[in-house]
Amino acid sequence: MLLLGESRERWLGLKLPFDLTPIGLPGCSLLTSVVGQIPIMASTIGAATYRIALPLDPRLVGQRIFHQ
């Protein structure tokens with residue numbers, strides 16, 4: 001699962017990165033806020049690619065999107 005976010009500092013009042021060990025994911029951390037999710041399939045060597053279409057909207061110029 002690819003997570004898309006607009007912040008790498010806070011999400012839902014949580015300071016990022018957020019340790020995910022307490023929910024059964026030892027050694028993992030949430031690094032971005034989550035405003036969207038894209039299911040992806042990794043290849044046998046662990047690589048994955050994806051494409052995302054963005055609208056031609058001038059409000060998006062200069063905006064940041066974080067991925068995890």
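The values are calculated or read from the model by the stated rules, or taken from the named source; none is laboratory data. Nothing here was measured: the structure is a model prediction, and the numbers come from that model. Positions of Cβ are backbone-derived with ideal geometry, glycine not excepted, and every protein chain shown enters the neighbour counts. Note: areas computed on protein heavy atoms with side chains; ligands, DNA, RNA excluded. Shrake-Rupley method; radii C 1.70, N 1.55, O 1.52, S 1.80 Å.
Side notes on the structure shown:
- Cα convex hull of the range 1-61 - mean projected area over all directions, nm²: 6.0 nm²
- The mean sequence distance of close C-alpha pairs (under 8 Å, at least 6 residues apart), as a share of the length of the chain, puts its relative contact order at 42 percent.
- Accessible area of the chain divided out per residue, in Å², using a probe of 1.4 angstrom: 84 Å²
- Mean Cβ neighbour count within 10 Å, used as a protection proxy, ranking 46-55, 21-30 highest first: 21-30, 46-55
- Surface composition of the chain: carbon and sulfur make up 61 percent of the accessible area, probe 1.4 Å.
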